[in-house]
Ligand code: UD1
């Protein structure tokens, strides 16, 4: 299994270009199932979750004509298999995004339940409730969610909790339902609005995406998708924090500062200089970090996917900060690893109290999930001596060329087999 070795203490300078957003391309790939004809997706990030999703749609009968570099061309006209098997779904929870499109297009879906994962139970009951509201009959059979629907019918539905992929799943299904669907308490993430825009370009009639109320007028068919994936705001935030922690001067290119407001605000409060322009951000560390409290929330709040990285930054602040996680019930797995590197953190319920230390020390550490693994690499950038991060397959799920991008900025980082 690969490991990443980071030698701490090298300043970061220069430019880094952000890839397309993993959390936008996965739903768009699922949305191609709703369409007939050849779809073309550009600015696709080279990450393992994308490979998994492409394999999954292929398994469902989609013809993949091109999957190389940052471009995918595929055709779901002949899609005929409603079964998303365990071996693919178990490696990536977002596979459940095919549930709504399969029901809408084939009238049947049999998708393996994703099961637990490192950051909590993460059930898909809210996806199921929304699809049932549209008229699908859903049963759980031998570890699979088995849904059937003669014809989905528009409905008024309120999500009990804000769910990003749940909102996307039900919104996608409703595009081909009969009549009007109104979704309340919908997720407002930029990736939800992006998906709605992409679907509208293919003939869907979706209004209000980006607010908590989405109205969808069902249509009978959708034309192929042609789009360019928006930049990954989580990857961008990770490099912004890397620059801040390594006291660097880094320009983060191809990003949308408007999608990262809470992170930019919190970095500034911590004493980091952040200059924004339309499509880029320049981050300069100022040698001293002030402690800042954060609470994760659904968009437009502080993203849970940046919590681990921000906590790493706070381990070196002058004073005490409190990090409260409200989105997932078990998302402090990285704390034990950061403590092994000398961080002073205690957890009580959903809040971690971080008391800044003078320095972190390199150590062998283990990645536990995607963002936790990024936070360990960030810690390694400034730790004394070498940090060896194992289980880096987590990083490969969601960060394209992380070692390469950091090396280009001046980090001493390498991967060993
Ligand atoms: C998406 C993102 C993930 C991010 C998360 C929160 C993708 C592919 N993944 O995940 O990177 O961390 O949003 O911003 O876009 N819940 C239920 N029942 C459900 C669905 C969710 O109880 O049916 C709970 C979850 O356990 C969690 C909360 O709702 O506590 C929010 O989860 P959700 O927004 O659904 O996360 P994902 O869409 O899986």
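Across 138, 395, 263, mean-square fluctuation computed from a Gaussian network of the chain (C-alpha pairs under 10 Å connected) peaks at 138.
Helix 190-201 and the long axis of the chain differ in direction by around 30°, with both axes built from C-alpha atoms.
Among 52, 273, 175, sorting on how many other beta-carbon atoms sit within 10 Å of each Cβ, with the fewest leading, yields 273, 52, 175.
Comparing 169, 279, 254 in a Gaussian network model of the chain where C-alpha atoms under 10 Å apart are linked, the largest mean-square fluctuation is found at 279. The range 249-298 and the range 303-338 have Cα centres separated by 16 Å.
Test of understanding: in a Gaussian network model of the chain with alpha carbons linked when under 10 Å, which of 104, 336, 173 would top the mean-square fluctuation ranking? Top of the fluctuation ranking is 336.
In the chain, helices alone account for a calculated mean residue ellipticity at 222 nm of -9000 deg cm²/dmol, with every DSSP H run of four or more residues adding -39,500 (n - 2.57). Residues 355, 156, 233, arranged from fewest to most other Cβ atoms within 10 angstrom of their Cβ, appear as 156, 355, 233. The simple Förster model, with R0 at 30 Å and r as the Cβ-Cβ distance, assigns residue 51 and residue 220 a FRET efficiency of 0.40. When only alpha carbons are used to place a centre, the range 382-417 and the range 363-377 end up 10 Å from one another.
Stretched out straight at 0.36 nm per residue, the stretch from residue 417 to residue 279 would grow longer than its current Cα-Cα span by 46.1 nm. One chain, two ends: residue 178 and residue 355. Fully extended at 0.36 nm per residue, the span grows by 58.2 nm beyond their Cα-Cα distance. What is the distance in Å between the Cα centroid of the range 185-207 and that of the range 1-62? Centre-to-centre (Cα) distance: 19 Å. Pairs of Cα atoms nearer than 8 Å and 6+ residues apart set the relative contact order; for the range 22-228 it is 21 percent. The Cα atoms of the range 22-228 give a gyration tensor whose axes a ≥ b ≥ c have a/c under 1.5, which makes the shape rounded.
Its Kirkwood hydrodynamic radius, worked out from the mean inverse distance over all distinct Cα pairs, puts the chain at 21.7 Å. Rg over Rh for the range 147-258 works out to 1.11, both radii taken from alpha-carbon positions and Rh defined as the Kirkwood radius. Considering Cα pairs under 8 angstrom that are at least six residues apart, work out the relative contact order of the chain and quote it in whole percent. Normalised by residue count, the contact order of the chain is 21 percent.
Taking N as the residue count of the range 329-417, its C-alpha radius of gyration divided by 2.2 N^0.38 Å amounts to 1.09.
Quick note: the coordinates plus some simple rules give every number you see, no bench work behind them. Remember, predicted model here, so these are calculated numbers, not experimental data. We place every Cβ from the backbone using ideal geometry, glycine too, and count neighbours over all the protein chains shown.
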